[in-house]
1. Residue by residue through the stretch 89-122, note down the ones that are more than 16 Å from the chain's Cα centre (by Cα) and over 30 Å from THR151 (Cα atoms).
2. If only one of PRO253, PRO257, PRO285 is out of contact with any helix residue (DSSP H, G or I) (no Cβ under 7 Å at 6 or more places or on another chain) and surrounded by fewer than 24 Cβ atoms within 10 Å (Cβ to Cβ), which one is it?
3. Please determine whether any residue of the stretch 220-240 is within 16 Å of the ligand (Cβ to nearest atom), over 30 Å from HIS320 (Cβ atoms) and not hydroxyl-bearing (Ser, Thr, Tyr).
4. Among the residues of the stretch 163-195, write down those that are hydrophobic (A, V, I, L, M, F, W, C) and either under 24 Å from LYS131 (Cβ atoms) or more than 20 Å from the chain's Cα centre (by Cα) (or both).
5. Name the residue that is farthest from VAL260 (Cα to Cα), counting only residues in the stretch 1-40 that are in contact (Cβ under 8 Å) with a residue 24 or more places away in the chain and of a type in the set (Lys, Arg).
6. Taking the residues in the stretch 288-316 that are in contact with a helix residue (DSSP H, G or I) (Cβ under 8 Å, 6 or more places away or on another chain) and among the hydroxyl-bearing types (Ser, Thr, Tyr) as candidates, determine which candidate is nearest to the ligand (Cβ to nearest atom).
7. Test THR57 against the criterion of being modelled with pLDDT of 95 or more and over 23 Å from ALA295 (Cβ atoms), and give yes or no.
8. Report whether or not GLY32 is under 21 Å from HIS320 (Cα atoms) and within 16 Å of the ligand (Cβ to nearest atom).
Amino acid sequence: MNFPTALESTAQALLVFGKGILAADESIPTIGKRFAPLAIPSTDENRRAYREALFTTPGLSDFISGAILFDETLRQRTGDGGATLPELLAGQGIIPGIKVDQGTIPLANFPGEKITQGLDGLRDRLAEYRKLGARFTKWRAVIAIGDRLPTAACIAANAWPLAQFAALSQEAGLVPIVEPEVLMDGPHTLARCEEVVGLTLQAMFAGLLAHRVTLEVILLKTGMVLSGNDCARQAEADDTAVATLRCLRRAVPAAVPGIVFLSGGQTDVAATERLNAICRAGGVPWKLSFSYGRALQDAALKTWKGSPANVAAAQAALHHRARCNGLAVQGKYSEQAERESPVREKHHP
Ligand code: 13P
């Protein structure tokens, strides 16, 4: 089968062993929610300064292969007015990507369920994003687990736009990351999560195949199979790994080159421990890695607090989490590695 070599090499570069993707694509409302508890005003300058601090972390590209940006960030320049932020990333060997969905809205007639919007005008936006330096894209659909949720209608309604997004991205020369996120919220069991993630992935891959998407040049971004946040019995990392890998083996075609996990509200250390357990178990046809937002950024953001004086310490915190997750991809993460935090060492010599 012929598929564009440029797309293939971008996909393989994103999946280089030992590295993962930094999700820094919070929309303006979402980054506002992250800044608010720290009393950081969500101005365009603060958003720019924060992303520039993340992206200039020394040594970040040792563990990070790509970074997903939001529309505003793709157009911003460094504080000295020099490079654009995607140019800055590319100069460091980190591939710039772009979130292209336009968020979720309530699904009419289905209380508690959502549909992702953003297909209108997408072909033109993709052409512009590519000119601005993006080499891959992301679209996130959201599936909630609850009493009689998700409905079959919600799963189907979200699968087709994901497929159309992926087809349009490949047409534009951009590698699509398809992200059907099954939320952790609720009292559901590990087994129920496995069932819902499986059904969601089956519907999504049926949609991708129906839309003639080339599976060899997509990345799947999924949540792990986890006990719900409010479930009384929280599964151990090893049980999570067994359920996650069984679910993925049943639902994801071997043609897909890689699966990158989202963190979805897990604590940063838990996200690393579970990734380590999954990758250590291995035995799957795809490359496995991470595409974390909160689980990479939380410590860095809390350290930065909006002050230029804290940039170096915030970068050390990001570097540490990226390194721990880079080790987890190799199944080599340990408590010892966790203790080697430069930030903690500084505070507790
Ligand atoms: P989290 O890892 O914080 O869930 O973010 C990943 C992401 O990109 C969600 O769309």
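The values are calculated or read from the model by the stated rules, or taken from the named source; none is laboratory data. Nothing here was measured: the structure is a model prediction, and the numbers come from that model. Positions of Cβ are generated from backbone atoms using ideal geometry, with glycine treated the same way; all protein chains shown enter the neighbour counts.
1. LEU89, ALA90, GLY91, GLN92, GLY93
2. On inspection, the qualifying residue turns out to be PRO285.
3. no
4. PHE165, ALA166, ALA167, LEU168, ALA172, LEU174, VAL175, ILE177, VAL178, LEU190, ALA191
5. ARG34
6. TYR292
7. So THR57 does not fit the description; no.
8. For GLY32, the condition - under 21 Å from HIS320 (Cα atoms) and within 16 Å of the ligand (Cβ to nearest atom) - is not met.
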